[in-house]
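Take a look at the structure below.
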Amino acid sequence: MKFLRFLLSFFIKFLLLNHSLSHFPLISGQRTNHEDFLRCLTHRINDDESRIIHTSKDPSFFSILNSSIQNPRFSVLETPKPVSIITPVQATDVQSTIRCARLHGIHIRTRSGGHDYEGFSYMAKSRPFVVLDLRNLRSITLDVDNRTGWVQSGATIGELYYKIGKLNKSLAFPAGLYPTVGIGGQFGGGGYGTLMRKYGLSADNVIDAHIVDANGSFLDRQGMGEDFFWAIRGGGGSSFCVVLSWKIRLLDVPSVVTVFNVVKTSEKDAVSIINKWQYIADKVPNDLFIRAMLQKETEVYASFPGLYLGPVSDLLALMKEKFPELGLEIRDCREMSWIDSVLWFVKEESMETLAKRKRTSRSFKGKDDFVEEPIPKPAIRYLWKRFEAPEARLAKIILTPFGGKMNEIAEYETPFPHREGNLYEIQYLAYWSEEEDKNKTNTEKYLRWVESVYEFMTPYVSKSPRRAYVNFRDIDLGMYLGMNMKTKYEEAKIWGVKYFKNNFDRLVRVKTNVDPMDFFCDEQSIPIMNSVNDI
């Protein structure tokens with residue numbers, strides 16, 4: 001028995017080592033498939049293959065893999081690793097990768113900035129896979145006269161902001177706050193930030209795209225058709241194709257905007273003002289965006305950071321009328337350009353930092369909800385008190401107001417359905433140091449904290465279904481349990497309607513039409529129909 005236990009222990013350690021060094025252990029047929037795929041790709045690419053093809057034998061393999069893992073808990077030893085990474089430098093490289101992968105049965109994951117909340121863009125749990133990393137496809141071309149631009153999916157939000165800010169201080173684009181987020185994932189799932197109440201989502205302002213479909217064909221909006229184009233703007237583009245680049249609409253902002261922040265450290269004041277915030281934040285004029293946040297440094301506090309598209313004098317008059325309870329004063333405010341407001345929100349000073357790529361050292365777990373009616377004061381008080389737990393020392397709860405332009409766009413116009421009727425979206429986040437990931441017991445307490453807050457909020461948030469934002473992907477909502485194509489639709493509908501509501505079935509129809517073999521898939525991707533009875 002001791003010898004058997006020794007063999008079992010040795011075998012387990014061997015498998016873990018293979019996860020780290022050889023990734024998924026490849027059986028003979030799989031190894032042949034991967035080798036044939038690499039040979040196929042080598043014959044097709046017209047560039048130095050060492051710039052594009054990276055296997056575990058390459059010294060740069062792990063640095064490339066880890067450089068864009070923006071949730072370090074998925075870089076631990078046990079996390080499945082790709083058998084190779086492809087970093088295309090032009091569209092034809094992507095076409096060749098897709099064609100060779102289909103020919104030789106290779107599973108592909110596409111990575112833009114690496115911010116997928118569950119790591120699906122660089123990790124697959126059930127089979128060997130290759131990462132198609134778009135880091136080299138990052139060009140940005142702006143046309144100020146026509147208020148448009150082309151942005152490749154491998155660029156980051158920060159690089160786009162930097163390019164706009166360098167060119168024109170009175171133009172902007174509505175996207176997220178964090179500069180290292182990739183364009184491909186952000187636009188593909190919707191994308192929102194401080195301009196959402198004025199101009200809607202990133203996806204609402206995409207007017208064309210260049211893609212490579214499951215056949216390896218290069219298509220633009222006209223070539224792919226309107227249903228396909230509709231699906232990639234909020235439906236999670238990685239379920240349908242590889243989006244190479246997006247044509248965006250640039251939008252006007254005043255030369256002077258105002259940022260502000262008010263902090264409340266008293267529980268009584270914080271609870272009272274968050275309660276009031278719920279009744280006004282989605283109803284104030286579209287030029288005003290006010291977030292509410294709970295977090296902890298040395299003590300628990302609430303903050304109310306915001307952006308007003310105009311001068312401070314107009315903001316103070318507006319706040320006195322609409323939200324006097326906040327007590328906003330001129331000392332809480334700063335006038336600046338819109339591009340400088342982008343820096344202010346991420347606590348940076350130099351515009352050059354927006355274009356710098358860096359990897360976070362904090363792991364995290366997030367969940368989110370949509371709120372249709374104000375939650376009662378006792379519930380807000382409970383959220384405050386949850387920050388007294390030791391595992392909440394780096395946690396955040398973020399309340400993002402809707403209304404404005406978000407109410408003006410019908411929920412069927414893009415796959416993102418969370419429009420009129422939502423007061424705000426609330427996100428629960430726990431963070432911890434990368435070092436703590438070495439001990440799974442340490443990380444479990446943070447996951448439990450998020451889960452407990454989410455569970456408590458059940459009576460106060462959207463129902464039937466309880467909805468979620470696909471860019472805040474949450475594997476706890478469900479995932480495919482196997483590779484049985486006959487049950488994929490039934491499985492996917494569990495989480496699909498939470499992300500997309502009634503748009504889910506239309507996404508399934510598009511998927512079935514453009515990718516009938518389900519080539520582009522992950523643990524929560526859009527499924528294909530097995531029969532007309534599915535929908």
Listed residues Y499, Y382, T414: farthest to the positive end of the dipole of the stretch 378-525 (Cβ charges): Y382
Return the whole-Å distance between the Cα centroid of the stretch 187-226 and the Cα centroid of the stretch 132-160. 13
Which of rounded, prolate, oblate describes the stretch 294-345, given a ≥ b ≥ c as roots of the alpha-carbon gyration tensor eigenvalues and a/c under 1.5 marking rounded, otherwise prolate only if a/b is larger than b/c? oblate
Overall Cα dimensions of the stretch 283-424 - principal axes, largest extent first, Å: 42, 39, 37
Under 5 Å between amide H atoms, partner at least 5 residues away or on a different chain: which partners does L244 have, H built in plane at 1.01 Å? H210, I211, V212
How large is the accessible surface per residue of the stretch 305-374, computed with a 1.4 Å probe and reported in Å² as a whole number? 51
Starting at the first residue of the stretch 88-99, write each ³J(HN,Hα) from the Karplus equation 6.51 cos²θ - 1.76 cosθ + 1.60 with θ = phi - 60°, in whole Hz, x for Gly and Pro. x, 10, 7, 4, 5, 5, 5, 4, 5, 4, 5, 5
Leaving out ligands, DNA and RNA, and with a 1.4 Å probe, what % of the accessible surface on the chain is carbon or sulfur? 52
With every protein chain kept in place and a 1.4 Å probe, the stretch 114-175 has an accessible area per residue in Å² of 33
When a/c is below 1.5 the answer is rounded, else prolate if a/b is larger than b/c, else oblate, so apply that to the chain with a ≥ b ≥ c taken from the square roots of the Cα gyration tensor eigenvalues. prolate
When the helix-only estimate is applied to the chain (DSSP H runs of n ≥ 4, each -39,500 (n - 2.57), divided by the residue count), what is the mean residue ellipticity at 222 nm, nearest 500 deg cm²/dmol? -10000 deg cm²/dmol
State whether the stretch 51-155 is rounded, prolate or oblate according to the following rule on the C-alpha gyration tensor (a ≥ b ≥ c being the square roots of its eigenvalues): a/c under 1.5 gives rounded; otherwise a/b larger than b/c gives prolate, and the remaining case gives oblate. prolate
Nearest 10 degrees, 0 to 90: helix 377-386 Cα axis against the chain principal axis: 50
Looking at the stretch 391-527, what % of the alpha carbon pairs are farther apart than 18 Å? 64
Kindly provide the GluC sites (Glu not before Pro) of the stretch 287-382 that DSSP labels as loop, not H, G, I, E or B, and whose Cβ sees at most 16 other Cβ atoms within 10 Å. E297, E299, E329, E348, E349, E372
Using only Cα atoms, locate the centre of the stretch 283-336 and the centre of the stretch 461-479, then give the distance between them in Å, rounded to an integer. 29
Net charge contributed by nearby residues that have their C-beta within less than 13 Å of L65 (K/R +1, D/E -1): +3
When the Kirkwood radius is taken over all Cα pairs of the stretch 171-310, what Stokes-Einstein diffusion coefficient follows at 10 °C and 1.306 mPa s, in µm²/s? 92
Give me the Debye-computed log₁₀ of I(q)/I(0) at q = 0.18, 0.20, 0.23, 0.32 Å⁻¹ for the stretch 60-103, equal point scatterers on Cα only, no solvent, two decimals. -0.68, -0.77, -0.88, -1.12
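The values are calculated or read from the model by the stated rules, or taken from the named source; none is laboratory data. This one's a predicted model, so the numbers in the text were calculated from it and none came from an experiment. In this analysis, Cβ positions are derived from the backbone assuming ideal geometry, glycine residues included, and neighbour counts consider all displayed protein chains. For the accessible areas, the whole protein counts, side chains as well, though only heavy atoms, and no ligand, DNA or RNA atoms are used. Shrake-Rupley method; radii C 1.70, N 1.55, O 1.52, S 1.80 Å.
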